[in-house]
Number of protein chains: 2
Amino acid sequence: MSSTHTIAHEIRNDFGVPFTHRLLFDRDVLNPENPLLDSIFGREDDDTPRSGLIAVVDQGLAEAQPGLEESITRRFAGSDLPELREVLLVPGGEACKNDPAIIERILAAIERHRIDRRSYVAIFGGGAVLDAAGFAASTAHRGVRVVRFASTVLAQLDAAIGVKNGVNRFKKKNFVGTFDVPVAVICDESMLESLDVRHWREGFSEAVKIACLQDAAFFNSISDVADLIRERDLDAARPIIRRCAQMHLEHIASGGDPFERLEARPLDFGHWSAHRLESMTDFELSHGEAVAIGICLDSAYSHLGGRLDQAEFERIIDLVKRLGLPISHPLLVDDRLIAGLEEFREHLGGRLTITLLDEIGRGVDVNDVDLDRVRESISVLGSLAG
Amino acid sequence: MSSTHTIAHEIRNDFGVPFTHRLLFDRDVLNPENPLLDSIFGREDDDTPRSGLIAVVDQGLAEAQPGLEESITRRFAGSDLPELREVLLVPGGEACKNDPAIIERILAAIERHRIDRRSYVAIFGGGAVLDAAGFAASTAHRGVRVVRFASTVLAQLDAAIGVKNGVNRFKKKNFVGTFDVPVAVICDESMLESLDVRHWREGFSEAVKIACLQDAAFFNSISDVADLIRERDLDAARPIIRRCAQMHLEHIASGGDPFERLEARPLDFGHWSAHRLESMTDFELSHGEAVAIGICLDSAYSHLGGRLDQAEFERIIDLVKRLGLPISHPLLVDDRLIAGLEEFREHLGGRLTITLLDEIGRGVDVNDVDLDRVRESISVLGSLAG
């Protein structure tokens, strides 16, 4: 080594950044008699000036629940809660993640209403609106406080629970985003009452996914009430939603790597094909429906590869069907599906890793995909869907 | 409480996100014989595909060091380091933080060259380029790997060390940004050799700041070599730069709140007026020069308020002068200066808190500002500047 290198010097620091995540289940949280919001937004001490708040509301939700905007305004008015400065309506669904102008609108509102790091952006909506508005809020002043009000089954048991947000760019899903921890995630079951039946049912595919991967007893619990869930029985669905949300949160909080910095994450079970199917159908297929198909595909692949036995494979197909969810789709045979594998690997980085099932409740990561077996799995599903 | 509230249920999780920060000092790191980059970019294991890299280079740096692009290309070619896929030149200084098109260019390059979370964006430049390119990289795929090559004194002892990045929006400095931890920060002293004398000197104002706040012995060390530093003596400057960078990093890593989530941060000593002066002079005044003036202003204010004694106040003014830095500016008397206080408070959130000096080495936070005393301090500086 040359003499110039004797001056080299390294200082290395390992440190942790502390976060608190609160997940709250209740109903009618906007009812002025319900004290739940006081525990979230209450003033820290009397010296602090009253902070501000803007609400970003999923237009689809606002239309389905016509009194919502008024309820929000009433709940925050004349209270010790932050001062509500504007309610912004934004289009729901994937549209809001595809349109950069929506991010700009939210940033401009944050600036206009002087929302600072002690102030709030309250987001009411499904996963897509939570993702897009959460991304804007997480970059303004390097992150203002976010409270997520999850308004769909899918959001309450999965999408709203995590620490991610993001928007689509270059026609790639979630190409741009951040990891950020909301102050609180509020799952108000009264918001689920206005969901149409498709958007009610689709959420439960994420519960099937996590049960398949981690918990055979939970799979049985879902199976026990699948017919009631299909018919929108909230009492039957409530424990499934809460258990799924909790499992999801525990995975993030105790997995040791919530911001996915250390390990290359495997492609989520059922999701490599699901993301691709969504975009191939121009989002005609909803995320939860696509995941239901993706679960069936990865289960068939696990079965044909000698991992998952016939009986367990059939139980998974049967559960998905009983929940009123699709198990196949005509576009599965389109070659663009397979091309999605590489796009997904690139988003996650590192080697290609997909998750399969050894049995219900036990997922396993593998590093290669046999494309012929994928095609065989697709034709098995086609015949089962009949 | 009404019966509906009996269903309320909360799940709370406190968790930490682990980060590693590496700060490396050396010279000629792009020399193929220097092994330093191997320790940063080396392949994790042989199974992993070779990752990719794009370099973002400060145009001012590239012009001052004509061989730089070629050196970068040569260092990464034919090695076990990541594959260099493009070198992007971007304008340096505040211009690059004011132009959203630069963020778009960097994101597009990340997409075009398939830079994933296991791949790298290497940024060569001063604080502004590190901030802007770092922001783009921290949002692509929710964060690809960033290695910062700090090319100015200011960056090596302060700006590059932290965990922040950001760009200006709505004419507000750093309105949009993220907290993100680079894989490594590399301070190559050979990159300082092409700095003009103004940009050499300005960096040391941040060393004076941190010494005033925390460490009287460090203040004495700077004072001992101030005349040599003014004349660009690298051997005299080296220990000052390294000590300052280390203090900065320790503050971030061991302060317990690196992402500034828990506490409202006080306005940094000397900085409330500095940020404002920069924009009021259309960035004619550099950041470090503005900080030098801001330090003198907050010191005068501390002295006039009965905190800092006359002798210590004079030592600070004398040190700033000996470093070849300004102590005052004609625009200090402009009313827009004071208006900047509120804008700064809003960026940080919470109550207005500024930091003053009780003595050299001991900062103190206070919550109110006497505007008449600010004006008096300004006229004291005016007369001292002569």
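Rounding to the nearest 20 debye, state how big the charge dipole of the protein assembly as shown is about its Cα centre with +1 on each Lys and Arg Cβ and -1 on each Asp and Glu Cβ.
480 debye
Among the listed pairs B:Lys97/B:Lys173; A:Lys171/B:Lys164; A:Lys172/A:Lys209; A:Lys173/B:Lys97; B:Lys97/B:Lys172, which are separated by more than 19 Å between their Cα atoms?
Beyond 19 Å between Cα atoms: A:Lys171/B:Lys164; A:Lys172/A:Lys209; A:Lys173/B:Lys97.
Amide H to amide H, which residues 5 or more places from A:Asn165 or on other chains are under 5 Å from it, using H placed in the peptide plane?
A:Thr178, A:Asp180
Going 7 Å from Cα along the Cα-Cβ axis for the label, what nanometre distances separate A:Glu104 from the same residue across the other copies?
0.9
Let me know the shape class of segment A:198-385, please: from the alpha-carbon gyration tensor, a ≥ b ≥ c as square roots of the eigenvalues, rounded when a/c is under 1.5, otherwise prolate if a/b is greater than b/c, or oblate.
rounded
Please compute the average number of Cβ atoms from other chains found within 10 Å of each residue's Cβ in peptide B:22-28.
Whole-number average of other-chain Cβ neighbours for B:22-28 is 5.
If amide hydrogens are placed 1.01 Å from N in the peptide plane, which non-local residues have theirs closer than 5 Å to the one on A:Glu86?
Hits under the 5 Å cutoff: A:Ala55.
In peptide A:176-183, what is the residue-averaged number of other protein chain Cβ atoms found within 10 Å of each Cβ?
Taking all residues of A:176-183 together, the mean is 5.
Of B:Val380, B:Ala339, B:Ile360, which is farthest along the charge dipole of segment B:326-386 in the positive direction, counting Lys and Arg as +1 and Asp and Glu as -1 at C-beta?
So the residue we want is B:Ile360.
Can you list, shortest first and in nm, the gaps between the label point of A:Val369 and those of its counterparts in the other copies, using a point 7 Å from Cα in the C-beta direction?
Ordered by distance, the counterparts are at 5.6 nm.
Report, for B:Gly255, each distance to the same residue's label point in the other copies, shortest first and in nm; define the point 7 Å along Cα→Cβ.
Listed shortest first, these distances are 3.0 nm.
Between A:Lys171 and A:Arg375, what FRET efficiency follows from the Cβ-Cβ distance if R0 is 25 Å, with the result rounded to 0.05?
The pair A:Lys171/A:Arg375 has a calculated efficiency of 0.50.
What is the distance, in nm, between label points placed 7 Å from the Cα along the Cα-to-Cβ direction at A:Leu228 and at B:Asp80?
In this crude spin-label approximation the distance works out to 6.0 nm.
Choose one of A:Ala236, A:Asn220, A:Ser273: the residue whose Cα lies farthest towards the positive end of the charge dipole of segment A:198-385 (beta-carbon charges +1 Lys, Arg; -1 Asp, Glu; about the Cα centre).
A:Ala236
Considering the alpha-carbon set of segment A:23-194 alone, what are its Rg and its Dmax in angstrom?
14.8, 48
How far apart, in nm, are the 7 Å Cα→Cβ label points at A:Asp99 and B:Asp99?
3.0 nm
Any chance you could run the full-extension gain for B:Ala108 through B:Ser383? It's 0.36 nm times the residue separation minus the Cα-Cα distance, nm to one decimal.
Once the chain is fully extended between B:Ala108 and B:Ser383, it gains 93.8 nm.
Given charges of +1 on the Cβ of Lys and Arg and -1 on the Cβ of Asp and Glu, with all other atoms neutral, how large is the dipole of segment A:165-281 about its Cα centre, in debye to the nearest 20?
Roughly 620 debye for segment A:165-281.
Suppose we keep just the DSSP beta bridges with both residues in the protein assembly as shown; what percent of those would be antiparallel, to 5?
So the antiparallel bridges in the protein assembly as shown amount to around 40 percent.
Apply 1/(1 + (r/R0)^6) to the Cβ-Cβ distance of B:Leu89 and B:Glu10, taking R0 = 51 Å, and write down the FRET efficiency to the nearest 0.05.
E between B:Leu89 and B:Glu10, to the nearest 0.05, is 0.45.
What shape does the protein assembly as shown have by the C-alpha gyration tensor, where a ≥ b ≥ c are the square roots of the eigenvalues, rounded means a/c under 1.5, and otherwise prolate means a/b greater than b/c and oblate the rest?
oblate
Values in this text are rule-based calculations from the coordinates and carry no lab data. Since the model is a prediction, treat every value here as computed from it, not as a measurement. In this analysis, Cβ positions are derived from the backbone assuming ideal geometry, glycine residues included, and neighbour counts consider all displayed protein chains.
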